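Here is the structure we will look at, set down as structure tokens.
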Amino acid sequence: MTKYNIKKVKGKKQIVWNPGRKRGLEEAKERIGDIEREVKLLLKNKKKIKVLEIGCGYGKVLLELKGLFGDRVELHGTNLEKRWDLKLIRRFALAHKMFRKKDVNKNLPKLHILDSGKKMRLKSSSFDLIYAQASVQYIYDKAKFLEEINRLLTKNGKAIIELQEKKIDSDVNIVSTAYPVEYNTLFEIWNEGKKVDVLKYLKKFKNVRIKTAKKGWSVLHMTKGKRFSLGLELINSFNLNKLYKGWWGTKAVYRVK
Ligand SMILES: C[S@@+](CC[C@H](N)C(=O)[O-])C[C@H]1O[C@@H](n2cnc3c(N)ncnc32)[C@H](O)[C@@H]1O
């Protein structure tokens with residue numbers, strides 16, 4: 001796949017920025033809540049905080065946070081694909097006039113190209129705020145991912161994770177008619193041959209709360225838990241997009257250990 005999607009406008013080449021990778025703070029409000037407010041709250045008790053966005057795309061939220069909070073935030077992001085790199089984020093920032101050319105480099109986040117559903121090459125207990133919008137649905141091992149988030153959180157840190165555990169036609173908040181019933185849920189747990197309610201299962205953990213986003217699906221709030229383990233074995237996970245190009249996300253199926 002090509003790195004840039006180019007189109008010609010009046011004979012001039014232009015990058016087409018994918019709307020599914022350029023969500024900012026405004027879009028986040030509908031999906032996971034007010035991230036700016038969360039940063040402000042954390043900064044009441046600490047001079048400087050470390051923030052991690054999982055699946056940051058073009059890094060718009062991170063760039064906006066840098067614009068708002070400057071040196072009081074150390075910003076990190078992850079992306080899975082090598083081509084979604086820092087050069088692209090830099091280009092995005094300049095194209096959208098988020099920073100001037102002379103200032104842009106010092107305002108870029110630290111980008112980690114890795115799979116957030118595996119052990120991440122990041123230090124334990126080092127992030128005060130971790131959030132994800134529109135990215136967990138693509139992660140192959142969602143349980144391992146949540147355990148990793150817990151590992152990375154500081155003692156007083158907070159994670160806000162869009163679960164999108166089921167496919168919803170978000171305008172009307174009903175289970176999507178675009179997906180067959182087998183693929184309407186992306187996070188599936190089974191116990192002794194019986195399907196387990198994912199949200200009820202997650203809510204059992206003291207450090208986890210489930211809220212509902214304006215968009216209709218669930219948002220997981222997590223604080224640091226001691227020896228946090230979901231007790232799940234990943235049986236299989238696959239990319240729905242490979243089955244049919246009109247479907248998105250990875251379906252992950254677990255068994256309670
Ligand atoms: C649909 S884009 C959303 C980007 C951005 N959060 C937004 O809302 O505009 C999904 C993002 O998740 C990232 N992603 C998908 N699977 C991932 C994984 N296993 N580990 C880390 N990032 C992943 C992709 O690299 C991409 O940036």
- Task: Let me have the relative contact order for the chain, percent, based on Cα pairs under 8 Å that are six or more residues apart.
- Result: 16
- Note on the structure: Gyration tensor on Cα atoms of segment 20-142, a ≥ b ≥ c root eigenvalues, a/c under 1.5 rounded, else prolate if a/b beats b/c, else oblate, says rounded
- What distance in nm separates the simple spin-label points at Thr212 and Arg37, each placed 7 Å from Cα in the Cβ direction? 1.8
- By what distance, in whole Å, do the Cα atoms of segment 94-168 stretch along each of the three principal axes, largest value first? 42, 34, 22
- Message: Tell me which of Leu186, Val196, Val104 sits at the most positive position along the dipole axis of segment 83-207, charges placed on C-beta atoms (Lys, Arg +1; Asp, Glu -1).
- Response: Val104
- Order of 105-116, 5-16 by packing, highest average Cβ count within 10 Å first? 105-116, 5-16
- Enumerate by residue number the GluC sites (Glu not before Pro) in segment 171-224 meeting two conditions: DSSP loop (anything except H, G, I, E, B), and at most 12 other Cβ atoms within 10 Å of the site's Cβ. Glu192
- Task: Figure the gain on full extension for Val196 and Glu27 (residue separation times 0.36 nm, minus the Cα-Cα span) and round it to one decimal in nm.
- Result: 57.7 nm
- Item | Alpha-carbon spread of segment 143-257, three principal axes, descending order, Å | 41, 33, 24
- If R0 = 41 Å, then Leu68 and Lys203, at their Cβ-Cβ distance, give a FRET efficiency to the nearest 0.05 of 0.80
- Item | Arg100-Glu233 FRET efficiency (beta carbon distance; Förster radius 30 Å; 0.05 resolution) | 0.05
- Message: For a test of the definition: using alpha carbon positions, the gyration tensor, and the 1.5 limit on a/c, classify the chain as rounded, prolate or oblate.
- Response: oblate
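The numbers here are math on the coordinates, done by the rules we state, and not lab data. Note that the coordinates shown come from a computational prediction; the quantities given were computed from them, not determined experimentally. Don't worry about glycine lacking a Cβ; one is built from the backbone with ideal geometry, like all the others, and counts go over all protein chains shown.
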